[in-house]
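Please read the structure below before turning to the comments.
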Amino acid sequence: MEDVNQSLLSPRVHEDQHQLLPSQTTNTSFASEVEDIPPINGVRDFFREFNKEVKKLWYLAAPAIFTSLCQYSLGAITQTFAGQVGTLELAAVSIENSVIAGFSFGLMLGMGSALETLCGQAYGAGQVDMLGVYMQRSWIILITTALCLSSVYIFAGRILRLIGQTAEISKAAGTLSLYMIPQLFAYAINFPIAKFLQAQSKMMVMSLIAAAALVLHTVFSWLLMLKLHWGLVGAAVVLNASWWFIDLSQFLYIVSGTCGRAWSGFSIKAFHNLWGFVKLSLASAVMLCLEVWYFFVLILFAGYLKDAEVSVDALSICMNILGWTLMVAIGMNAAISVRVSNELGAGHPRTAKFSLTVAVITSAAIGIALAILLLITKDSYPSLFTSSTPVKQLVKELNPFLAACIVINTIQPVLSGVAIGAGWQAVVAYVNIGCYYVVGIPLGLLLGYKLDFGVKASIAEDRIRTWGGPSESKE
């Protein structure tokens, strides 16, 4: 039985998680020959260390951002082609992608992020042999979770109708959800593999596989949805195939021997200490689910507004754009999580803290640049998503709110990455409950329905809510 190595995990992880790391290191730490950075005593010291850290961060962040953009674009491209098929198809894909698949995505991604904490800190301490075991434990937990979530997909049409969606949209989205069950299990395989590779800084292979999947996805989506007129069936076939292509390619890379001692084959150890792993997975899931589900709730509420199809379509386009920009921040999230967990595992707390500073500054600069680009192209980009004039006009009206959201929301995932790397998921979960659900959603309902702001309230409320986001607990 494995014992806890108290020097590896942060106090929060040690408090919530027992017997996950082995008591003896099997190799030297990845940074054992590098000392923690000295205290920053002036501007010159700051810029010297900033230049060093930004290179390390971008070595991880650049391929991670590219991978996130490619994987997010799979659903976004499907949504784009659906908009060319018709407004009902666009609404169905938006609801399924945002509510049904979004619910599952948030839960599975959150539970998978427990692996990010453990693998990152174990790799930083040189305990490479445990990475493959942790990944297998995560597979067991996530596949079991996927089996439980299958019922949500099966009864998606009834669930959507029960919560007030129109009969037409509920029926179309429910049918699509049945076709998308294979994607659910692809999530269960993908997230542990991704965290396993990220902990070892093997980002480039992930980006190459994601790029290949995106090219194939675009070609086959156009062929099946538009040329062969398969509609929603074509969307499901291509989206499922694309995610499984990513999973199988990454798995073949791992078993080919390129990960060394990190993968030594399937092991019975994967079934040991599952309850401890489940507890950390649940804490991680609560933290990230509260963030991810929030955006999907906004899409859901839009379906209750006047002219529901136009409202849902316009808001889904805005959330699509916001999602693309968030993928940049999520790529930075992965990079900072690796940096923080590796440095904490190696016993370098000052370096971990300084990595946070560099990541926040970098992400804020990227967010400002993206917002400016959005404002410049406000008259042209809506046409990429829909041919409906009312939808395009509403997207233009929402554009200033969307630009402000982009600037603010590029920072938040970075802070979440720090929390994951340090094992603070449980603390941040409480902060997210207050910011997103005690303040954010009630404010959106008030603005949207009582004050008749309509769909604009969803974007405005997201901006206000983010100002009080989880950064306070992450310092």
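Every residue, every condition in (1) surrounded by 20 or more Cβ atoms within 10 Å (Cβ to Cβ); (2) under 17 Å from Lys202 (Cβ atoms); (3) in contact with a Phe, Trp or Tyr (Cβ under 8 Å, 6 or more places away or on another chain); (4) not hydrophobic (A, V, I, L, M, F, W, C), yes or no:
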{"residue": "Val219", "(1), (2), (3), (4)": "no, no, no, no"}
{"residue": "Trp222", "(1), (2), (3), (4)": "no, no, yes, no"}
{"residue": "His229", "(1), (2), (3), (4)": "no, no, no, yes"}
{"residue": "Val233", "(1), (2), (3), (4)": "no, no, yes, no"}
{"residue": "Leu239", "(1), (2), (3), (4)": "yes, no, no, no"}
{"residue": "Ile246", "(1), (2), (3), (4)": "yes, yes, no, no"}
{"residue": "Gln250", "(1), (2), (3), (4)": "yes, yes, no, yes"}
{"residue": "Ser256", "(1), (2), (3), (4)": "no, yes, no, yes"}
{"residue": "Ser264", "(1), (2), (3), (4)": "no, yes, no, yes"}
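Met108 fulfils the conditions (1) part of a loop (DSSP other than H, G, I, E, B); (2) crowded, with 24+ Cβ neighbours inside 10 Å; (3) not β-branched (Val, Ile, Thr) except for a single criterion, (1). Screening Met204 against (1) out of contact with any Pro (no Cβ under 7 Å at 6 or more places or on another chain); (2) surrounded by fewer than 22 Cβ atoms within 10 Å (Cβ to Cβ) leaves a single unmet condition, (1).
Going residue by residue through the range 84-94, is there one that turns out to be part of a helix (DSSP H, G or I), open to solvent by less than 10 Å² (accessible area, probe 1.4 Å), modelled with pLDDT under 60 and not basic (Lys, Arg)?
No, the range 84-94 contains no residue that is part of a helix (DSSP H, G or I), open to solvent by less than 10 Å² (accessible area, probe 1.4 Å), modelled with pLDDT under 60 and not basic (Lys, Arg).
Taking the range 158-198 as the range and being closer than 24 Å to Trp230 by Cα, open to solvent by less than 20 Å² (accessible area, probe 1.4 Å) and among the small types (Gly, Ala, Ser) as the test, the residues that pass are Ser170, Ala172, Ala173, Gly174, Ser177, Ala186. For the range 354-364, the criterion of being aliphatic (A, V, I, L, M), more than 30 Å from Ala194 (Cα to Cα) and surrounded by fewer than 18 Cβ atoms within 10 Å (Cβ to Cβ) is satisfied by no residue at all. Sub-7 Å Cβ pairs linking a first residue in the range 364-383 that is at negative phi and in a helix (DSSP H, G or I) to a second residue that is open to solvent by less than 60 Å² (accessible area, probe 1.4 Å) and basic (Lys, Arg), at least 6 apart or interchain, are Pro382/Lys392; Ser383/Lys392, ordered by first then second residue.
The values are calculated or read from the model by the stated rules, or taken from the named source; none is laboratory data. Not measured: the values here are computed from a predicted model. Glycine gets a Cβ as well: all are built from the backbone with ideal geometry, and neighbour counts include every protein chain shown. Please note that ligands, DNA and RNA were not included when accessible areas were found on the heavy atoms of the full protein model with its side chains. Shrake-Rupley method; radii C 1.70, N 1.55, O 1.52, S 1.80 Å.
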